[in-house]
Amino acid sequence: MKPEEELPFATLTGSLKDFRAPADRELLRRAEGFFAWQDRRRQHGLWPYARSTESAPSTSCQVRNDDGQIFQGTNFASQDYLSLSSHPRIKEAAIAAVERYGVHSAGSAALLGNTANSLALERALSQFLDDREIVLYPTGWSAGFAAVQGFVRSHDHVVMDVLAHSCLQEGARAATGSVHHFAHLSTDALRRRLQRIREKDARGGILVVTESLFSMHSDVPDFAAVRAACDDHGATLLIDCAHDFGCMGPDGRGNLAAAGLLDAADILIGSFSKSFASNGGFIAVKSRAGAEYLKYYSATQTFSNALSPAQAAVVLTALDIVRSDEGTILRNRLMANILHLRHAVERTGLHALGSPSPIVPVFVGGEALGRLIARRLPGSGGLANLVEYPAVPKSESRFRFQVMAGHTADDVERMIAALDEAVKAGRADLERLGLSAAAPAVGTGAEELDPA
């Protein structure tokens, strides 16, 4: 693939949404249209997904693209916020767990899948979260899904921020047909939704769903206002803390605790895949009854194998680091890197969205420009993830830089130099092709959601 080659128009247009519901009676044949579009992008270096690491996901990393090419680059594409994945204590804990327990939990937590490690992790997390009851899950996604599906029934309502995580959206769809969305971060819109529901249904259950840090915008709700809206309408509040738990706040308990409102959430969800060097997740509730109910009525806990003993040991060790003086040092380094990157991005002519967090979304705009920059970036020595419609609104594509405590100031400058080079080349490509920088992906329509 040569950067100056002519690119078929179809490689710069269209989106995954176009192939979400193809019309063909043969189920497997429906995949062919998507694959043809995807493979054309792949052949021209415009499919930036499904890459694999050839080395540890550290601050510099060797990556194999989906088409087989290998690149070495400064890595802002991995979610290892505290740089714990290769920490000596973490690796020692994993090895010791494998030596004692083997590599597999060998059962559901409802049967014989728990180990001493997972029980110790439950106790440690409970202490860290002011004695809440903890239920562990094999992935963060399964915890999010279960937190909705486990409690909500068909006669209940779910009211969620339109940008809530996929696991929350899917859990709501699985649980009830009464799923309502409100405009992102709009407490007024939330109140209007709740009022309309209560005018028609005074007794039904309502679960309000939001996040403590939204991963595509790096922004945060008004927790106190959301809690007040729930109180005024008899609703239960669920907050997903996947991206800030462990790595933000003075004590590592995230934005909610930093605001002094950890108790405001009736249901808390956390993930181990961002700051705790492992797969897995948890749900934290305020009563033993709620926790026991989840263990037998949330499908992804009851019918999935439990966390492996090595995973539980890794998370337990990571939590110990998070709570220590070393954890404070790592969070301070992380924030310094975040602020440096956000400031430096402006030199490329782009800008960072939201507020400072380990996620630095760098706005690009049109899908065509985003794809052309992503095509150039690895060759310039930078690794970052392109996010495009429908994961974000149409014509609002962006790069999601994920910052680590282990990054240095030089790493940030190398990344910015690579981004600047790729942006200039991508814009030149776009001009050569006669396309507008704001050109949307054609053939797609934005998700029609009433913002209320």
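Read-outs: derived from the displayed coordinates by stated rules, not from any lab. These figures come from a predicted structure and were not determined experimentally. Every residue, glycine among them, receives a Cβ derived from its backbone with ideal geometry; neighbour counts consider all protein chains shown.
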Compare the peptides 261-273, 34-46, 234-246 by average per-residue count of other Cβ atoms within 10 angstrom and give them in order, highest first. 234-246, 261-273, 34-46
Per the rule of 0.36 nm per residue minus the C-alpha distance, extending Asp325 to Glu413 adds in nm 28.9 nm
Counting only C-alpha contacts under 8 Å and six or more residues apart, can you give the relative contact order of the chain as a whole percent? 22 percent
For region 196-202, Karplus-derived ³J(HN,Hα) couplings (6.51, -1.76, 1.60; θ = phi - 60°; whole Hz; x for glycine and proline) come out as 4, 5, 5, 5, 9, 9, 7
Pop the C-beta distance of Gln72 and Glu170 into the FRET formula with R0 = 45 Å and round what comes out to the nearest 0.05. 0.80
Mind running the shape call on region 302-393? Use the C-alpha gyration tensor, a ≥ b ≥ c as the square roots of the eigenvalues: rounded below 1.5 for a/c, prolate if a/b tops b/c, oblate otherwise. oblate
Among Leu237, His343, His44, flag the residue with its Cα farthest along the positive direction of the charge dipole of the chain, charges on Cβ as +1 for Lys/Arg and -1 for Asp/Glu. His44
First measure r as the distance between the Cβ atoms of Glu292 and Arg40, then evaluate 1/(1 + (r/R0)^6) with R0 = 45 Å and state the FRET efficiency to the nearest 0.05. 0.30
Any idea how far apart Leu112 and Glu92 come out in nm if each label point goes 7 Å out from Cα toward Cβ? 3.2 nm
Looking at the square roots a ≥ b ≥ c of the eigenvalues of the Cα gyration tensor of region 1-140, which shape do they give, rounded for a/c under 1.5, prolate if a/b is larger than b/c, or oblate? prolate
DSSP beta bridges in the chain, what fraction antiparallel, as a percent rounded to 5? 60 percent
A chain fully extended from Ala259 to Thr302 at 0.36 nm per residue, minus the present Cα-Cα distance, gains in nm 12.1 nm
Please give the FRET efficiency for Asn332 paired with Glu99, using the beta carbon to beta carbon distance and R0 = 35 Å, rounded to the nearest 0.05. 0.50
Report for region 236-386 the percent antiparallel among DSSP-assigned beta bridges with both residues inside it, nearest 5. 70 percent
Taking neighbour counts of Cβ atoms within 10 Å as a proxy for exposure, in what order, fewest first, do Glu346, Glu199, Glu421 appear? Glu199, Glu346, Glu421
Under the rule of -39500 (n - 2.57) per DSSP H run of 4 or more residues, summed and divided by the residues of the chain, what mean residue ellipticity at 222 nm is obtained, to the nearest 500 deg cm²/dmol? -12000 deg cm²/dmol
Neighbouring Cβ atoms within 10 Å as the yardstick, rank Leu119, Leu256 fewest first. Leu119, Leu256
Given (i) 35, 28, 22; (ii) 54, 25, 18; (iii) 36, 28, 18, the label whose value is semi-axes √(5λ) of the Cα gyration tensor in Å derived from this model: (i)
Can you put Ile373, Ile338, Ile329 in order, fewest other beta carbons within 10 Å first? Ile329, Ile338, Ile373
Tell me, what ³J(HN,Hα) does each residue in region 278-290 have, in order and in whole Hz, if you take phi through Karplus 6.51 cos²θ - 1.76 cosθ + 1.60 with θ = phi - 60° and put x for Gly and Pro? 7, 7, x, x, 8, 10, 10, 10, 8, 9, 4, 4, x
